[in-house]
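Enquirer: Please read through the structure below; I'll follow up with questions.
The values are calculated or read from the model by the stated rules, or taken from the named source; none is laboratory data. As the structure is a computational prediction, the values presented were derived from the model and not from experiment. Here Cβ is always computed from backbone atoms with ideal geometry, including for glycine, and neighbour counts include all displayed protein chains. Only protein heavy atoms, including side chains, enter the accessible area calculation; ligands, DNA and RNA are left aside. Shrake-Rupley method; radii C 1.70, N 1.55, O 1.52, S 1.80 Å.
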Amino acid sequence: MLALPLIGALDRQRVDVALAALLEHTGHGRVDRVVLDLTGAAVDDAEVAAGVLRIVRVLRLQGVSAALSGVRPPLARAIVDAGVDLSEVRCHQSIEHALAGR
């Protein structure tokens with residue numbers, strides 16, 4: 001399992017850097033689960049939310065399950081308002097819950 005805290009303002013470039021780093025670790029078959037922790041992320045627009053979901057989908061194609069934790073209200077609202085479908089993604093209240101599988 002790998003936990004990746006995303007902290008601060010996220011834009012497309014930072015999402016791409018995070019994806020590249022994750023693929024470097026998951027490409028060797030050592031990781032089968034990733035938790036993207038958004039507790040400290042300043043994300044409140046649908047474009048960045050879609051970028052995070054793109055990470056989840058790319059990981060899935062690699063055979064890695066991904067989950068989100070710490071989705072704060074502004075991000076949750078942006079995702080819902082944009083019609084982004086999160087039905088395929090496990091969401092947890094906190095990183096602790098995600099790591100415990102709750």
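Enquirer: Grab the Cα-Cα distance for SER65 and GLU47, subtract it from 0.36 nm times how many residues apart they are, and report the gain in nm with one decimal. Walk me through the numbers on the way to the answer.
Expert: On the way: separation 18, 0.36 × 18 = 6.48 nm, distance 2.19 nm.
Length gained between SER65 and GLU47: 4.3 nm.
Enquirer: Can you give the log10 of the normalised intensity I(q)/I(0) at q = 0.12, 0.14, 0.17, 0.18 Å⁻¹, computed with Debye over equal Cα scatterers of the chain?
Expert: The computed values of log10 I(q)/I(0) come out as -0.34, -0.46, -0.70, -0.79.
Enquirer: Right, here's the next one. Just want the answer: with Cβ charges of +1 for Lys and Arg and -1 for Asp and Glu, which residue in GLY8, ALA78, HIS25 is farthest toward the dipole's positive end in the chain?
Expert: Farthest along the dipole direction, towards plus: HIS25.
Enquirer: Using a basic spin-label model with each label point 7 Å from the Cα along Cα→Cβ, how many nm lie between ARG57 and GLU96?
Expert: Simple spin-label model gives 3.4 nm for this pair.
Enquirer: Can you run phi through the Karplus equation (6.51, -1.76, 1.60; θ = phi - 60°) for the stretch 65-78 and list ³J(HN,Hα) in whole Hz, with x for Gly and Pro?
Expert: Coupling constants for the stretch 65-78: 7, 10, 9, 10, 9, x, 6, 7, x, x, 5, 4, 5, 4 Hz.
Enquirer: Nearest 500 deg cm²/dmol is fine: what mean residue ellipticity at 222 nm does the chain get from its DSSP H runs of n ≥ 4 alone, each adding -39,500 (n - 2.57), divided by its residue count?
Expert: On the way: 4 runs with 47 residues, N = 102.
Counting only the DSSP helices, I get -14000 deg cm²/dmol.
Enquirer: Please work out how much length the chain gains when fully extended from HIS28 to VAL84, using 0.36 nm per residue of separation minus the C-alpha to C-alpha distance, in nm with one decimal. Don't jump to the answer; show the numbers that get you there.
Expert: Values: separation 56, 0.36 × 56 = 20.16 nm, distance 3.01 nm.
Extra length from HIS28 to VAL84 when fully extended: 17.1 nm.
Enquirer: May I ask you to give the percent of accessible area on the stretch 7-102 that is carbon plus sulfur, with a probe radius of 1.4 Å? Intermediate results must be reported in sequence, preceding the final value.
Expert: Numbers: 2860 of 5420 Å².
In the stretch 7-102, the share of accessible area belonging to carbon and sulfur is 53 percent.
Enquirer: For helix 12-26, report the angle its Cα long axis makes with the longest principal axis of the Cα atoms of the chain; keep it between 0 and 90° and round to the nearest 10°.
Expert: 20 degrees
Enquirer: Okay, moving on. Taking only protein heavy atoms into account and a 1.4 Å probe, give the accessible area per residue of the chain in Å². Don't jump to the answer; show the numbers that get you there.
Expert: Details: 5750 Å² over 102 residues.
Accessible area per residue, the chain: 56 Å².
Enquirer: Mind checking the dipole of the chain: about its Cα centre, +1 per Lys or Arg Cβ, -1 per Asp or Glu Cβ, Debye to the nearest 20? Present the calculation step by step, with values, prior to reporting the outcome.
Expert: Values: 11 positive and 12 negative charges, 55 e Å.
The dipole magnitude comes to about 260 debye.
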